[in-house]
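Colleague: Shown below is the structure under consideration.
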Amino acid sequence: MKQVLLVVIGVAAAVAGIIWTLQGLGYIGGSFMSGVTVWAVIGPLVALAGLVLLVIAGRARRRAR
């Protein structure tokens, strides 16, 4: 159950980070975040945190076997 939760949160964080990055760089418009540099910095950090959670979940799944 813990691994599933980590995967769900990891995927959500990675997707949100990618979207925030694209908004910060101005590729996705229509938001208060569009074209704002701070989101181009925060986005990759959030995406990286999501990927770290996915790696942790994958390692925990291998250990459980």
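Colleague: Find the residue count for the range 5-36, including only residues that are without any contact (Cβ under 8 Å) to a residue 24 or more places away in the chain, exposed (fewer than 15 other Cβ atoms within 10 Å of the Cβ) and either in contact with a strand residue (DSSP E or B) (Cβ under 9 Å, 6 or more places away or on another chain) or assigned to a helix (DSSP H, G or I) (or both).
Modeller: Total satisfying the criteria: 2.
Colleague: Next question. Only residues that are out of contact with any helix residue (DSSP H, G or I) (no Cβ under 8 Å at 6 or more places or on another chain) and either modelled with pLDDT of 95 or more or hydroxyl-bearing (Ser, Thr, Tyr) (or both): list them for the range 16-48, please.
Modeller: Result: Tyr27, single match.
Colleague: I need the full set of residues from the range 37-48 which are under 16 Å from Gly10 (Cβ atoms) and open to solvent by 50 Å² or more (accessible area, probe 1.4 Å), in order please.
Modeller: Quick first cut of the range 37-48, residues under 16 Å from Gly10 (Cβ atoms) only: 43-48.
Passing the criteria: Pro44, Leu45, Leu48.
Colleague: Restricting the search to the range 49-65, which residues are in contact with a helix residue (DSSP H, G or I) (Cβ under 8 Å, 6 or more places away or on another chain), of a type in the set (Lys, Arg) and exposed (fewer than 13 other Cβ atoms within 10 Å of the Cβ)?
Modeller: Answer for the range 49-65, where residues must be in contact with a helix residue (DSSP H, G or I) (Cβ under 8 Å, 6 or more places away or on another chain), of a type in the set (Lys, Arg) and exposed (fewer than 13 other Cβ atoms within 10 Å of the Cβ): there is none.
The values are calculated or read from the model by the stated rules, or taken from the named source; none is laboratory data. None of the values given here were measured: they were computed from a predicted structure. Don't worry about glycine lacking a Cβ; one is built from the backbone with ideal geometry, like all the others, and counts go over all protein chains shown. Surface accessibility is based on the protein's heavy atoms, side chains included, excluding ligands, DNA and RNA. Shrake-Rupley method; radii C 1.70, N 1.55, O 1.52, S 1.80 Å.
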